[in-house]
Protein chains: 2
Amino acid sequence: MSIKIALLGCGTVGTQVARLLSEKNALLSARAGADLELIGIAVSNLAAERDPAIDRALITTDAAGLIEQADVVIELIGGIEPPRTLIRHALESGASVVTGNKALLAEHGPELYDLAKEKKVDLYYEAAVAGAVPVVYAVRESLAGDSVKAIKGILNGTTNYILDEMTTKGLTFDEVLATAQELGYAEADPTADVDGFDAAAKIAILASLAFHKRVSLADVDVEGIRSITDADIEAATKNGYVIKLVATATQAGGKIETRVAPSLVPVSHPLASIGGSFNAVVIEAESADRLMFYGRGAGGAPTASAVLSDVVAAAAKKVLGGRAPQEIVLGESEFMDAGESVSRYFVRLQVADRVGVLAEVTDAFAEAGVSISAVNQEVDGQPGLAALAITTHAASAADMAATIEAVGKISDVHEVVRVFRVEDE
Amino acid sequence: MSIKIALLGCGTVGTQVARLLSEKNALLSARAGADLELIGIAVSNLAAERDPAIDRALITTDAAGLIEQADVVIELIGGIEPPRTLIRHALESGASVVTGNKALLAEHGPELYDLAKEKKVDLYYEAAVAGAVPVVYAVRESLAGDSVKAIKGILNGTTNYILDEMTTKGLTFDEVLATAQELGYAEADPTADVDGFDAAAKIAILASLAFHKRVSLADVDVEGIRSITDADIEAATKNGYVIKLVATATQAGGKIETRVAPSLVPVSHPLASIGGSFNAVVIEAESADRLMFYGRGAGGAPTASAVLSDVVAAAAKKVLGGRAPQEIVLGESEFMDAGESVSRYFVRLQVADRVGVLAEVTDAFAEAGVSISAVNQEVDGQPGLAALAITTHAASAADMAATIEAVGKISDVHEVVRVFRVEDE
């Protein structure tokens, strides 16, 4: 038996997928239980230069024609269109689809899941989240016997690399970004990465799987890392924290909270030591307790590893029958109000360096019902000013906002420099 | 549709499985696509005390009769018999089987895989390796598109706890073992854990899956932790290492090497920080590069999480059709000769404290072709003696054995105290 595979897109990941489908064909075919045959690679530009591993006879611009002959379609084009139309066409033609397209799934996943269900084919997307780290499998299959309470992850390698370089080399955001762009670690337009949207799409996908509710990109509260300064990093380091862009999905009392924000992670936390372009995901489940998965979150070969695992699974189902785990939607999604969100906080203030200011500030916290766990005072570079770093116990976002407003009105408080959330140990 | 589940064994894990099958029935049934119905729990002693979560009406001593009515049989008795006979009976009756029985699989896995294949049912065993950490899924499914080169893991929580306590509290092996037995962290007969056989069974299972070769417990080179002294731990710490019981499976040039041994792990290595009863597995794959998984390796609820994920998968296949990934055996297993095994080493010697000894020792290393990367000399507690700690570059076990023999013959070398393998960064 032979399984016909169509590849849409031939960029970094597509090239590795085509190469491995050829080089590892015997092993992958043995696992799938059928010969895996790459029948074509659809591209937009026939004349573009290609890696020598690509068989040019397979290249075509007729994506629709290619799709119609395939049992399994791999979409690695990226972006919303044409992938959305092409994936719909594949599912309608009875092919199972493997995609790494997080943006498409986070915005239009439900219509594709529904179509796959209707057509009795499967949609796989391990490569859409955390590259080679099998976190989609983990949430969808490995934890099918458990209840996920929270997922926290470092899901974007570019921002993790930038924060890492800022921390270890004392460089500014702009300096590191420029170097990252030169080295190809960051895109010419870095918005999706540095403003948090890439991580947000991924956490929306994981939240949907974990909680069996529909969560889209628009439901995620997103803050990026552009505004992080060397002073922020210095203050975090001094207080035993590392700044990480943390993507969070939690469900409590039936309400979902999804967020991407630069957060202070205690140095002893498993996410603190995840450096460079690595991704990591910590899952808190009711029975399993804490699990962590980590590995390469991007790159041609690691992402191709995830794509090909999905291809083997899709092909095996075509041979042996059966279906992939189906999307389960347990009722409407209910989201937590932003103000209800509970966290520890780290607040940096610039205040007048004189007796009594600290008491005024701590009074303001107490009046808003926010309990303080630590205060550090340092003389600021500027004459007559001092820097206060205040760490709180868990407080609601609403109480914290009220506190900050009250503190900002104290005449000896020159500036509320920064408010960060703090991850628990 | 209803899927009838039989539970064999009602110990710590079995009790949690029964509890969760009841408490989480709606969620688990939704994921399986069918009502999951626990039809009975087979035990050996009807009169034994049970957790209040157990419905006593389900308890029976007639395991065989129970099996014959079931679609899915969960075996949590442990040991070779009666589980082997009962699992064979279940597969022959057309039930899929979920087991956490590493010892059985590491010794008799192939006959059970063959029987399952013949009867067109499935055998699941996520709970057999690393408790809640989904490493069987990872190797069997998540990495189906890749080629695993090496697996290194901390797969036994009891020994990891003992080594951890010895390191952080300066206690002896016997002291920690006694406390661990009192606290229920170690068995009354701790042999399977402390002598490395539990970890060996697990790495044999993972090696079989990763390399598609049959690897049994008897193929694993096993060394436990009974002989680890506080002096070993002190020397490791001084040189930037942590002693861990590391289980290793590698394949190179078609030859497999599987080993469990106390090894020196650099403090910067991801396995170094895995403390207490946690398990962790690092997988090196060709495309994915390095992945790590970590979580609770034992305990009722975490292991039940893994069991129930397998139950959901087994039930879903009964509903939707299809099969679990089949055992793939790609030819005969070829094992590396013990002498060919390559590693870095750490050697501690007790020598006479006088000029010229160091030169004699390093000459002996050089003559055997073993290259030294570091030497640390310290005055020993005893007058006239010095302690040498020598770290080597990668060397074959045969060359290392020849070196140790030669060094042992030097008259000023009083004792070759210890030889450890050293993990790479």
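Principal axis extents of the C-alpha atoms in chain A (largest first, rounded to whole Å): 82, 46, 32.
Among B:T99, B:T237, B:T250, the largest mean-square fluctuation in a Gaussian network model of chain B, built with springs joining Cα atoms closer than 10 Å, belongs to B:T237. At the residue level, B:E107 shows approximately 100 square angstrom of accessible surface with a 1.4 angstrom probe and all protein chains present.
Along its first, second and third principal axes, ordered by size, segment B:282-425 spans 77, 37, 24 Å in Cα coordinates.
Suppose every Lys and Arg Cβ carries +1 and every Asp and Glu Cβ carries -1, with no other charges. What dipole size does the protein assembly as shown come out with about its Cα centre, to the nearest 20 debye?
On the way: 70 positive and 118 negative charges, 367 e Å.
My answer is approximately 1760 debye.
Taking the C-alpha atoms only, the angle from helix B:12-23 to the longest principal axis of chain B is near 40 degrees.
Between the residues A:A178, A:A188, A:L143, the greatest Cα displacement towards the positive end of the dipole of segment A:108-191, with unit charges on the Cβ of Lys, Arg, Asp and Glu, is found for A:L143. Considering only A:I151, A:I328, A:I233, the Gaussian network model of chain A with Cα springs below 10 Å gives its largest mean-square fluctuation to A:I328. On the basis of the beta-carbon distance and an R0 of 35 Å, A:D174 and A:S371 show a calculated FRET efficiency of 0.40. Helix B:300-320 and the longest principal axis of the C-alpha atoms of chain B enclose an angle of approximately 50°. The Cα center of segment A:318-349 and the Cα center of segment B:203-263 differ in position by 39 Å. Pair-distance distribution of segment B:342-422: all C-alpha pairs, bin width 10 Å, starting at 0; shares per bin in whole percent are 20, 58, 20, 2.
Separation of segment A:73-136 from segment A:6-42 is 17 Å, based on Cα centroids.
Explain nothing, just the number: dipole magnitude of chain A about its Cα centre with +1 on each Lys and Arg Cβ and -1 on each Asp and Glu Cβ, in debye rounded to the nearest 20. Walk me through the numbers before you get to the answer.
Details: 35 positive and 59 negative charges, 272 e Å.
Here the size comes out at about 1300 debye.
State, in square angstrom and to the nearest 100, the accessible area buried between chains B and A, both chains counted, probe radius 1.4 Å. Don't skip to the answer; put the middle values down first.
Details: alone 18010 and 18010 Å², together 32220 Å².
The B and A chains share an interface burying roughly 3800 Å².
In debye to the nearest 20, how big a dipole does segment B:1-126 give about its Cα centre with +1 on each Lys and Arg Cβ and -1 on each Asp and Glu Cβ? Don't skip to the answer; put the middle values down first.
Details: 12 positive and 18 negative charges, 38 e Å.
Taking the Cα centre of segment B:1-126 as origin, the dipole is about 180 debye.
Ascending distances from the A:G240 label point to its copies in the other chains, with the point 7 Å along the Cα-to-beta-carbon line: 2.6 nm. Determine the share of segment A:273-425's accessible area contributed by carbon and sulfur atoms, expressed in whole percent, with a 1.4 angstrom probe. Answer for segment A:273-425: carbon and sulfur cover 51 percent of the accessible area.
What fraction of the DSSP beta bridges in the protein assembly as shown is antiparallel, stated in percent and rounded to the nearest 5? Kindly include the intermediate steps, with their values, before the conclusion.
Working: 111 of 159 bridges.
Among the beta bridges of the protein assembly as shown, antiparallel pairing accounts for roughly 70 percent.
Helix A:357-367 versus the longest principal axis of chain A: what angle, 0 to 90°, nearest 10, using Cα atoms? Tilt of helix A:357-367: around 60 degrees.
Okay, helix-only estimate at 222 nm for chain B: each DSSP H run of n ≥ 4 adds -39500 (n - 2.57), divide by all residues, round to 500 deg cm²/dmol; what do you get? Walk me through the numbers before you get to the answer.
On the way: 13 runs with 150 residues, N = 425.
It lands at -11000 deg cm²/dmol.
Taking only the Cα atoms of segment A:325-389, the ratio Rg/Rh comes out at 1.30, with Rh defined as the Kirkwood radius.
Given a 1.4 Å probe, how much area per residue of the protein assembly as shown is accessible, in Å²? Provide the component values of the computation, followed by the final result.
Details: 32220 Å² over 850 residues.
For the protein assembly as shown, the solvent-accessible area averages 38 Å² per residue.
Which residue, B:L291, B:L217, B:L38, tops the fluctuation ranking in a GNM of chain B built on C-alpha contacts under 10 Å? Among B:L291, B:L217, B:L38, the largest mean-square fluctuation in the Gaussian network model of chain B belongs to B:L291.
How high is the relative contact order of chain A? Use alpha-carbon pairs under 8 Å, at least six apart in sequence, and give a whole percent. Each step should come with its number before you reach the end.
Numbers: 896 pairs, mean separation 70.4, N = 425.
In percent, rounded to a whole number, it is 17.
For segment B:18-78, what does the alpha-carbon gyration tensor say about shape, rounded, prolate or oblate, given a ≥ b ≥ c as the root eigenvalues, a/c under 1.5 as rounded, and a/b over b/c as prolate? Don't skip to the answer; put the middle values down first.
On the way: a/c = 2.38, a/b = 1.42, b/c = 1.68.
It is oblate, given that a/c is not under 1.5 and a/b is not larger than b/c.
Dipole of segment B:242-293 computed with +1 at Lys/Arg Cβ and -1 at Asp/Glu Cβ about the Cα centre; of B:V246, B:I256, B:H269, farthest Cα towards the positive end is B:V246.
Normalising the average separation of contacting C-alpha pairs (under 8 angstrom, six or more residues apart) by the number of residues puts the relative contact order of segment A:342-422 at 49 percent.
Computed over the protein assembly as shown, the quotient of the alpha carbon radius of gyration and 2.2 N^0.38 Å is 1.00.
Determine the equivalent ellipsoid of segment A:89-238 by diagonalising the alpha-carbon gyration tensor, then write out the semi-axes as square roots of 5 times the eigenvalues, largest first, rounded to whole Å. Walk me through the numbers on the way to the answer.
Details: eigenvalues 226, 60, 32 Å².
Semi-axis lengths for segment A:89-238 are 34, 17, 13 Å.
Neighbours of A:R84, meaning other residues whose beta-carbon lies under 12 angstrom from its beta-carbon, give a summed charge of -3 when Lys and Arg score +1 and Asp and Glu score -1.
Residues of segment B:99-148 buried by at least 20 Å² of accessible area upon assembly of all protein chains, compared with the chain on its own (1.4 Å probe): B:A132, B:P134, B:Y137, B:E141, B:S142, B:A144, B:G145, B:D146, B:S147.
The values are calculated or read from the model by the stated rules, or taken from the named source; none is laboratory data. Quantities reported herein were computed from a predicted structural model and do not represent experimental measurements. Note that each Cβ is placed from the backbone with ideal geometry, even for glycine, and that neighbours are counted across all protein chains shown. SASA here: full protein model, heavy atoms, side chains in, ligands and nucleic acids out. Shrake-Rupley method; radii C 1.70, N 1.55, O 1.52, S 1.80 Å.
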